[in-house]
Amino acid sequence: MLKKYWLNQGKVVDNGEGEAQVWVYVDPDEVERRFLIDQMGLDEHNLASALDPDELARLEWEHDHAALIYKRPSSYQEEGRFMFRVVSTGLFLFKERLILVQAKESPQFDGKIFTKVPSVKSLALRMLSRAVSHYLEHLRVINQATDELEGKVNASLENKYLIYMFILQKSLVYYLSSISSNGGLIERLRNNAARLELGADGPEMLEDLSIENTQCYKQAEIYSSILASLMDARVSIVSNNLNVLMKTLNMLTISIMVPTFVVSAFSMNVPVPLSAHSWAFWFIMALAGSSVMGWLYLWNRWRWF
């Protein structure tokens, strides 16, 4: 699917089917791919990389354009059960045109950062900056989800909450890898700023982008470390809760068995003491109750709780 946009007074506006500076392809079909390869000169491998979620970020040069493959967070899906995924996106930067290729449709050119865009090259850098901001937004959500799961793990013996925490940890590992990969791309863009002809504000924008990406990586690293420590602690807590529960059940079981033994001893079909006395029943009940009290006293004195 193809959407076309035009830069009008610094804003990215939908241009329908007319001539446009920005072409956005979402999951292009075979006809669109052949057009991009044969007519626009895109490298077939780079085009496939833009649609491959496992591809690393990189910068490659062709005879009339630069190919930027970068990583960005995928839109969170509720059915993913705390799994945050990353996807690849391709930016093919020509002198006066930008072709964007991605596998799934997502909000494009949203936010204040896209209100004053002087050129398609500046637009490409702003899209990288938007990806960094997107990572930071997801990291905040992951942190909030971790806090909620922490409370549920403390109060539950179920495994599902621990599994959710493991899934969040897995997501952070993917995020760390993707953010680091984007950092390498940004560094290479800084080294080739002159060749890309980014203009006077290009190097400064790349410098800011590099700092933001580094801060984003550090934040993801901290969250990953905290979550790993929390999981180790929560596993120990769940195990300890189970031990406490088993101790309590053992205490109740033994407390019931002691008076049962007393009553059973006096109800056997053989001659037993007190069988001829009318108050034997109440004596046996008192003896059973005393055995329970004695057992609880010993349990508490020896600190078996």
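The values are calculated or read from the model by the stated rules, or taken from the named source; none is laboratory data. Nothing here was measured: the structure is a model prediction, and the numbers come from that model. Heads up, the Cβs are rebuilt from the backbone with ideal geometry, glycines too, and the neighbour counts pull from every protein chain shown.
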Any residue that is out of contact with any helix residue (DSSP H, G or I) (no Cβ under 8 Å at 6 or more places or on another chain), touching a residue at least 40 places away in the same chain (Cβ under 8 Å) and not β-branched (Val, Ile, Thr) - is there at least one of those in the stretch 139-153?
no
Select, from VAL117, VAL86, the only residue that is in contact (Cβ under 8 Å) with a residue 60 or more places away in the chain, assigned by TED's automatic domain parsing to the domain that holds GLU62, touching a strand residue (DSSP E or B) at 6+ places or on another chain (Cβ under 9 Å) and within 23 Å of SER180 (Cβ to Cβ).
VAL86
Going by what's in this entry, would SER225 be described as surrounded by 17 or more Cβ atoms within 10 Å (Cβ to Cβ), in the same structural domain as GLU150 (by TED's automatic domain parsing), under 25 Å from ILE142 (Cβ atoms) and modelled with pLDDT of 85 or more?
no
Filter pass, LEU198 being surrounded by 15 or more Cβ atoms within 10 Å (Cβ to Cβ) and part of a loop (DSSP other than H, G, I, E, B):
yes
Is it the case, given these coordinates, that GLU60 is surrounded by fewer than 21 Cβ atoms within 10 Å (Cβ to Cβ), closer than 21 Å to SER119 by Cα and not aliphatic (A, V, I, L, M)?
yes
Residue check, VAL117 against (1) assigned to a loop (DSSP other than H, G, I, E, B); (2) surrounded by fewer than 20 Cβ atoms within 10 Å (Cβ to Cβ), all met but one. Which one?
(2)
Give me the residue from the stretch 11-39 that is in a loop (DSSP other than H, G, I, E, B) and touching a helix residue (DSSP H, G or I) at 6+ places or on another chain (Cβ under 9 Å) and, out of that set, nearest to HIS63 (Cα to Cα).
GLN21
Residue set GLU55, GLU137; condition assigned to a loop (DSSP other than H, G, I, E, B), charged (D, E, K, R) and at pLDDT 85 or above; output residue GLU55
